[in-house]
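Below: one structure, written as structure tokens.
The values are calculated or read from the model by the stated rules, or taken from the named source; none is laboratory data. Model, not experiment: these values are computed from the prediction. Here the Cβ is made from the backbone with ideal geometry for all residues, glycine too, and neighbour counts use every protein chain on show.
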Amino acid sequence: MSFTVAIVGRPNVGKSTLFNRLVGKKLALVDDTPGVTRDRRPGDAKLVDLRFRIIDTAGLEEAGPETLQGRMRAQTEAAIDEADLSLFIVDAKMGLTPVDQALAEMLRKRGKPVVLVANKSEARGSDGGFYDAFTLGLGEPCPISAEHGQGMLDLRDAIVAAIGEERAFPPKEDEAETDVDVRPQEVGAGDDEEEIEAAYDETKPLRVAIVGRPNAGKSTLINRFLGEDRLLTGPEAGITRDSISVEWEWRGRTIKMFDTAGMRRKAKVQEKLEKLSVADSLRSIRFAETVVIVFDSTIPFEKQDLQLVDLVIREGRAAVIAFNKWDLIDDPQAVLADLREKTDRLLPQARGIRAVPVSGQTGRGLDKLMQAVVDTDRTWNRRISTAKLNRWLEAQQIQHPPPAVSGRRLKLKYMTQVKARPPGFMIACSRPEALPESYVRYLTNGLRNDFELPGVPIRIHFKASDNPFEPKKKRKIY
């Protein structure tokens, strides 16, 4: 992107609504409640013919640095310092407030270009607030409606005038080089990976989601990975609301990590805003390749912890457990042995799942955690040849033959792997509907043990073989 823009303003003036409008997706949570956004969220914006990077920020408020509002303000100030241009949003419907005056003074002291934007200008009685905006001394305000998309052409012209033609429109040669460098990677990371699986690519970007109960230390863990206070943290539970993505490198490999809101039991989630946060976290799980479930080592294996692991496995994601706050454990060896025993006993559907003790405060165990993530992703991408699978299937039937149902023994004839991510297999057999669940578990556990597939979901589909003597029109198609 040619330049970076930060959206700033006091709470509830429509910053996240404008952010969603510019990125073309509903990435940021939007609600009538002031102060929904807390972290700074980046995105790729498109405005007519402009392409730039945009950062959504929390509403600026006057507060002490030790308070939650003070820490939110520090995140916003960091976004302003990072950006080349600030969009200062004021509410034309409500008019100016002393907070707007203080923010205007702060932006002037930064000395960076500022575009004054009067949002909600479509509302009746907004003219007074629009003309009041001139008193801020930041130039002529640009009237828009982020909700309805009005005034976007004027906003585009104001951004170009503030940032300059050369910065707004880089040379075409640079754009052509970007197309060559980026687009083939995007294609290569998608369909070809599913259809023709080669050796595991250690260099491809990896998408990792961090999930867990509220106050388990997810944001602190990511900040320790990044080596900076990128995400808002604190002793309060439920600070994170949006799913924020950050990129960094681990041993030369690009990692795109998603911080998510803490997920409580469904019965306890009553407020609309928390429901939106949980839905955003679920989308992050479905988008990720590997999911790290963060447990609080001081109170592990709560019912919600087990349900989160089960959810990740049912979604078909590769799962890793991180026992966080390990620095608070007095007897690490005894506690670790107990946690391993409980992991095997309470999570049979994820047998062999990798679990690593870590500390987001001290940074202990982070390399081991990332190595477990990479190893699990390699297992999740694994493919097994058809010849090996059929030899294994024959040996399994000799060791434990399929049961007889209604006096007729079931026959498993042929097996092949139909997909990876997660590993999925197809077995041709007689009467698949009669195969008991216990034998399916026997095959699943055998695959996990014999082909070293620990901790990843395994899907086995059974298909009835066609009867060659049956008329074609009566054959069942599965």
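Please name all residue pairs, on different chains or six or more residues apart, with Cβ atoms under 9 Å, provided the first residue is in segment 276-290 and is assigned by TED's automatic domain parsing to the domain that holds Lys204 and the second residue is of a type in the set (Asp, Glu) and not in a helix (DSSP H, G or I).
Leu276/Asp31; Ser277/Asp242; Asp280/Asp242; Leu282/Glu315; Ser284/Asp259; Ile285/Glu315; Arg286/Glu315
(1) in a helix (DSSP H, G or I); (2) surrounded by fewer than 15 Cβ atoms within 10 Å (Cβ to Cβ): which one isn't true of Pro170, the others all being true?
(1)
Does segment 24-32 contain any residue that is in the same structural domain as Phe130 (by TED's automatic domain parsing) and within 15 Å of Leu87 (Cα to Cα)?
Applying the first criterion (in the same structural domain as Phe130 (by TED's automatic domain parsing)) to segment 24-32 yields 24-32.
When the remaining residues are screened for being within 15 Å of Leu87 (Cα to Cα), the result is none.
Scanning segment 24-32, I find no residue that is in the same structural domain as Phe130 (by TED's automatic domain parsing) and within 15 Å of Leu87 (Cα to Cα), so the answer is no.
Only residues that are in contact (Cβ under 8 Å) with a residue 40 or more places away in the chain, at negative phi and assigned to a loop (DSSP other than H, G, I, E, B): list them for segment 316-337, please. Lay out the reasoning, then the answer.
Of segment 316-337, the ones in contact (Cβ under 8 Å) with a residue 40 or more places away in the chain are 316-320, 322, 324-325.
Checking which are at negative phi leaves us with 317-320, 322, 324.
Once the filter is applied, which keeps residues that are in contact (Cβ under 8 Å) with a residue 40 or more places away in the chain, at negative phi and assigned to a loop (DSSP other than H, G, I, E, B), segment 316-337 yields only Arg317.
Name the residues in segment 143-154 that are part of a helix (DSSP H, G or I) and out of contact with any helix residue (DSSP H, G or I) (no Cβ under 9 Å at 6 or more places or on another chain), would you? Write out each step before concluding.
Step one: filter segment 143-154 for residues part of a helix (DSSP H, G or I), giving 152-154.
Result: Leu153, Asp154.
Tell me the residue from Arg345, Arg286, Arg317 that is farther than 12 Å from Gly212 by Cβ, charged (D, E, K, R) and surrounded by 14 or more Cβ atoms within 10 Å (Cβ to Cβ), please. Working first, answer last.
Details: Arg345 fails: surrounded by 14 or more Cβ atoms within 10 Å (Cβ to Cβ); Arg286 fails: surrounded by 14 or more Cβ atoms within 10 Å (Cβ to Cβ).
It is Arg317.
Given segment 338-456, what strands (runs of 3 or more DSSP E) lie entirely inside it while holding 2 or more residues that are of a type in the set (A, V, I, L, M, F, W, C) and in the same structural domain as Ala209 (by TED's automatic domain parsing)? Break it down stepwise before answering.
Values: elements: 354-357, 412-419, 424-429.
Result: 354-357.
Just to be sure I understand, how many residues within segment 289-305 are among the hydrophobic types (A, V, I, L, M, F, W, C) and exposed (fewer than 15 other Cβ atoms within 10 Å of the Cβ)? Can you show your working first?
Filtering segment 289-305 down to residues among the hydrophobic types (A, V, I, L, M, F, W, C) leaves 291-295, 299, 301.
In the following step, the residues that additionally are exposed (fewer than 15 other Cβ atoms within 10 Å of the Cβ) were identified as 299.
Going through segment 289-305 one residue at a time, the tally reaches 1.
Being closer than 17 Å to Thr76 by Cα, in a helix (DSSP H, G or I) and small (Gly, Ala, Ser) is the filter here; which residues of segment 103-142 pass it?
Result: Ala104, single match.
From the list Leu136, Leu116, Leu153, which one is at pLDDT 90 or above and loosely packed, with under 15 Cβ neighbours inside 10 Å? Full working, then the answer.
Working: Leu136 fails: loosely packed, with under 15 Cβ neighbours inside 10 Å; Leu116 fails: loosely packed, with under 15 Cβ neighbours inside 10 Å.
Every option except Leu153 fails the conditions.
What about Leu226, is it in contact with a helix residue (DSSP H, G or I) (Cβ under 9 Å, 6 or more places away or on another chain), closer than 20 Å to Lys325 by Cβ and either surrounded by fewer than 23 Cβ atoms within 10 Å (Cβ to Cβ) or not β-branched (Val, Ile, Thr) (or both)?
Values: in contact with a helix residue (DSSP H, G or I) (Cβ under 9 Å, 6 or more places away or on another chain): no; closer than 20 Å to Lys325 by Cβ: yes; either surrounded by fewer than 23 Cβ atoms within 10 Å (Cβ to Cβ) or not β-branched (Val, Ile, Thr) (or both): yes.
Taking the combined requirement at face value, the residue does not satisfy it.
Looking only at residues in segment 348-399 that are surrounded by 14 or more Cβ atoms within 10 Å (Cβ to Cβ), touching a helix residue (DSSP H, G or I) at 6+ places or on another chain (Cβ under 8 Å) and β-branched (Val, Ile, Thr), which one is farthest from Pro454 (Cα to Cα)?
Top of the filtered list is Val358.
Across segment 193-229, what is the number of residues that are outside any loop (DSSP other than H, G, I, E, B) and modelled with pLDDT of 85 or more? Write out each step before concluding.
Step one: of segment 193-229, the residues outside any loop (DSSP other than H, G, I, E, B) are 193-195, 206-212, 218-226.
From the residues that got through so far, the ones that are modelled with pLDDT of 85 or more too are 206-212, 218-226.
Final tally of qualifying residues: 16.
Please pick out the residue among Leu369, Leu336 that is at pLDDT 95 or above and either closer than 21 Å to Ile255 by Cα or out of contact with any Lys or Arg (no Cβ under 7 Å at 6 or more places or on another chain) (or both).
When all the criteria are applied, what remains is Leu369.
Just name the residue that is nearest to the chain's Cα centre (by Cα) out of those in segment 96-133 that are polar (S, T, N, Q) and under 13 Å from Arg10 (Cβ atoms). It would help to see each step written out before you state the result.
Within segment 96-133, the first condition is being polar (S, T, N, Q), and the residues that meet it are 97, 101, 119, 121, 126.
Then keep just the ones that are under 13 Å from Arg10 (Cβ atoms); that gives 97, 101, 119.
Details: Thr97: 36, Gln101: 36, Asn119: 30 Å.
For segment 96-133, the residue satisfying everything is Asn119.
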